[in-house]
Amino acid sequence: MKIIRTILIMSIAIAIASPLRGTAEKKGKSQFKFLTEQFADAKILRYQVPGFETLTLQQKKLVYYLSQAALCGRDITYDQNFKSNLLIRKTLEAIYQDFKGDRKSDDFKKFTVYLKRVWFCNGIHHHYSTDKFLPEFTQAYFATLVKETKKELLPLSPGQSVEKFIAELSPVMFDPAIAPKRVSLDPGSDMVLKSASNFYEGLTQAEAEKFYNGMKQDAKKNKLDTLIAHGLNSKLVKENGKIFEKPYKVGGLYSPALTQVVSWLEKALTVAETPEQHVVIEKLIAYYRSGSLTTWDEYNIAWVKDLNSLVDFVNGFIEVYGDPMAMKGTWESVVNFKDVEATRRTEILSKNAQFFEDHSPVAPAFKKKTVKGVTAKVITVAQLGGENDPTTPIGINLPNANWIRKEYGSKSVTMDNITYAYDQAALGNGFLEEFAFSKAEIDRSTKNGHLAGNLTTDLHECLGHGSGQLNEGVNADALKNYHSTIEEARADLFALYYIMDPVMVKFGLVPDDETGKAEYDSYIRNGLMTQLVRIHPGKTIEEAHMRDRSLIAHWVFEKGKEKNIIEMVKKDGKSYFRINDYEGLRNQFGELLKIIQRITSEGDYNAAKTLVETYAVQVDGELHKEVLERYGKLNIAPYSGFINPQYTLVKKGETITDVTISYPEDFAKQMMFYSKKYSFLPVR
Ligand code: ZN
């Protein structure tokens with residue numbers, strides 16, 4: 001699971017006397033440019049990698065090899081998101097590279113923005129809403145651009161004329177009715193057919209469900225491995241009336257890219273830090289070669305056990321947000337190393353995991369009797385890849401397999417250099433001032449917001465996702481299309497409940513209850529109001545994390561009306577939400593956590609559906625309009641993506657003597673470089 005940034009700014013001030021701020025201060029070399037450019041609804045940031053220089057040569061080589069592996073899978077993500085993505089991207093890049101006309105003309109600027117959006121979203125659908133976005137230039141202009149481009153640069157199929165090529169591409173790009181949505185979660189429709197993502201071909205949702213139910217039953221009957229995440233690493237197709245899987249593996253689907261990934265992993269194997277890490281990399285290579293999900297589980301278990309390596313990484317088909325059936329993993333990678341000093345905070349949480357589990361408001365039957373191996377660390381991200389690049393989560397908790405989490409534990413990370421970059425880039429952009437009700441609220445957020453945000457992420461990742469247990473016989477995917485929203489809400493509620501607990505002060509994690517209050521302020525503000533800046537007028541809320549936040553905020557707002565726990569206040573014609581009773585609000589979070597844990601433990605699909613459809617999806621049109629107007633005046637792009645650092649080998653003869661790091665500033669240049677160097681897949 002990943003936690004993503006949905007609150008636009010947690011804090012605006014960085015000079016806070018938090019015990020961890022010291023590390024970040026060192027990162028804040030004053031001249032570093034965090035924000036490089038803004039287009040459409042996106043801005044491009046850079047992140048620093050403090051501490052890279054102090055790694056040993058062996059560790060630097062490891063980071064380098066794993067970074068290369070992270071980049072080699074880039075095209076897989078594009079293809080999984082939508083089958084025409086690579087074809088379109090390569091065409092746009094050919095035009096971009098070859099165009100001899102006026103690059104400053106309005107039309108070409110619009111063309112460039114479209115291409116940047118495709119890079120930003122790993123395809124032609126919005127990375128967040130999953131709606132297809134349309135070019136702002138005309139079809140006629142596109143046709144002219146294609147015709148002006150050298151033919152040998154275009155990805156024509158054999159014998160295809162340029163005219164036919166244009167006719168093939170144009171509707172896919174310009175017709176809003178074709179592949180309008182990457183992930184459709186509308187329960188009233190065939191979600192497989194309605195989703196443009198490239199995980200199923202030629203079959204219906206019912207056929208896919210039947211196929212996997214049959215597979216699970218077969219596994220049981222034949223005493224095969226019943227724990228594996230069926231379907232995680234394959235495309236399901238129907239060809240000539242037969243339904244079968246095409247596994248992603250060396251020799252299977254995506255073989256050219258996976259072969260490259262494996263070759264870099266083999267190099268990484270030679271510089272593994274610990275015997276445990278050696279096993280991890282070995283298992284991953286074996287998995288990419290065989291496509292065996294049993295090996296994938298073995299890899300995950302080995303990965304959970306590898307606690308002593310400073311450098312760590314994620315690489316694989318992992319998160320299932322891109323599949324309406326929540327089965328198929330989208331390819332991703334993150335390379336990182338531990339921020340030892342900042343990890344102190346999460347170690348306190350991990351050490352006390354059992355305490356938190358025992359004292360949560362959840363019904364005893366749904367609690368884990370023993371919470372195993374909840375480890376957590378603060379990491380410094382060194383490279384993003386696949387689904388995590390350019391838009392990245394700010395925390396990850398893996399593996400996703402519930403049985404592994406229960407038996408072996410999981411690893412949770414928060415990405416401090418990423419959140420730091422967010423906060424630096426947001427300094428003084430006016431957002432908090434516009435939407436916070438009072439000066440006191442602004443001051444509280446300014447003083448406590450960064451710590452509140454980081455601590456919430458830690459609680460969510462280290463404890464929230466790992467808490468609770470399913471009843472015997474309940475399937476992990478029983479909540480189907482509501483699974484992700486309910487799961488994220490569960491983790492959020494766990495964090496919200498505990499951040500205001502006096503035990504936080506006792507453990508030395510916060511100085512007083514102002515941190516919790518700052519988090520409550522921003523959570524309610526965001527869930528009821530400010531996250532709407534990400535929704536287009538007339539649309540509903542779709543993305544799981546946004547639904548989760550909307551669900552929680554609306555539920556407590558509704559249920560607390562009688563006691564006036566949260567009040568909607570009008571001031572100078574503007575709407576605000578003010579919390580009148582923080583303790584009361586905390587109790588409500590506990591109450592909802594209890595409900596949501598029951599739904600999860602029992603796999604109660606209907607209750608999940610009612611909760612989500614009642615509180616999480618709909619948008620108050622009038623408030624939405626107001627929020628968009630207020631936000632529009634601030635001129636802030638709501639989404640952020642990152643430029644990766646660049647690593648370069650220093651060699652003496654054939655011997656690597658050092659790895660250096662530099663920080664490119666040009667997003668388009670990096671994307672073109674990646675496309676040139678790391679494209680291994682056919683476009684059709
Ligand atoms: Zn989460």
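The values are calculated or read from the model by the stated rules, or taken from the named source; none is laboratory data. Nothing here was measured: the structure is a model prediction, and the numbers come from that model. Don't worry about glycine lacking a Cβ; one is built from the backbone with ideal geometry, like all the others, and counts go over all protein chains shown. The protein model used for the area step is the full one, side chains on, heavy atoms only, and it has no ligands, DNA or RNA in it. Shrake-Rupley method; radii C 1.70, N 1.55, O 1.52, S 1.80 Å.
Picking from 495, 491, which residue would you name as being free of Cβ contacts under 8 Å to residues at least 60 places away in the same chain and within 11 Å of the ligand (Cβ to nearest atom)?
Working: 491 fails: free of Cβ contacts under 8 Å to residues at least 60 places away in the same chain.
Every option except 495 fails the conditions.
Residue 337 - would you say it is in a helix (DSSP H, G or I) and either open to solvent by less than 20 Å² (accessible area, probe 1.4 Å) or modelled with pLDDT of 95 or more (or both)? If you could, list the steps in order and put the result at the bottom.
Details: in a helix (DSSP H, G or I): no; either open to solvent by less than 20 Å² (accessible area, probe 1.4 Å) or modelled with pLDDT of 95 or more (or both): yes.
When the stated conditions are applied, residue 337 does not pass them.
Here residue 381 meets the list (1) within 16 Å of the ligand (Cβ to nearest atom); (2) among the aliphatic types (A, V, I, L, M); (3) under 26 Å from residue 75 (Cβ atoms); (4) crowded, with 24+ Cβ neighbours inside 10 Å almost entirely, failing just condition (1). The single condition from (1) touching a strand residue (DSSP E or B) at 6+ places or on another chain (Cβ under 7 Å); (2) within 16 Å of the ligand (Cβ to nearest atom); (3) open to solvent by 10 Å² or more (accessible area, probe 1.4 Å) that residue 422 fails is (2). The residues on offer are 424, 469, and the sole one that is polar (S, T, N, Q), assigned by TED's automatic domain parsing to the domain that holds residue 368 and part of a loop (DSSP other than H, G, I, E, B) is 469.
Could you list all residues from the stretch 358-413 that are of a type in the set (Gly, Ala, Ser) and not in a loop (DSSP other than H, G, I, E, B)?
Restricting attention to the stretch 358-413, the residues satisfying the condition of being of a type in the set (Gly, Ala, Ser) are 360, 363, 365, 373, 376, 382, 385-386, 395, 401, 409-410, 412.
Selection gives 365, 376, 382, 385, 386, 395, 410, 412.
At least 1 residues being crowded, with 20+ Cβ neighbours inside 10 Å and touching a His at 6+ places or on another chain (Cβ under 7 Å) is the threshold, and among the helices (runs of 4 or more DSSP H) wholly inside the stretch 71-150 those reaching it are 74-81, 106-121. Just a yes or no: is a residue in the stretch 498-521 surrounded by 24 or more Cβ atoms within 10 Å (Cβ to Cβ), within 14 Å of the ligand (Cβ to nearest atom) and assigned to a helix (DSSP H, G or I)? No; the residues of the stretch 498-521 include none that is surrounded by 24 or more Cβ atoms within 10 Å (Cβ to Cβ), within 14 Å of the ligand (Cβ to nearest atom) and assigned to a helix (DSSP H, G or I).
Here residue 361 meets the list (1) under 20 Å from the mean Cα position of the chain (by Cα); (2) open to solvent by 10 Å² or more (accessible area, probe 1.4 Å) almost entirely, failing just condition (1). In a helix (DSSP H, G or I) and within 22 Å of residue 202 (Cβ to Cβ) - does that describe any residue in the stretch 250-258? Yes: one or more hits. Applying the criterion of being among the hydrophobic types (A, V, I, L, M, F, W, C), under 13 Å from the mean Cα position of the chain (by Cα) and open to solvent by 10 Å² or more (accessible area, probe 1.4 Å) to the residues of the stretch 315-334, the residue that is farthest from residue 266 (Cα to Cα) is 320. The helices (runs of 4 or more DSSP H) falling completely within the stretch 570-684 that include 1 or more residues that are of a type in the set (Asp, Glu) and more than 30 Å from residue 253 (Cβ to Cβ) map to 582-602, 621-634.
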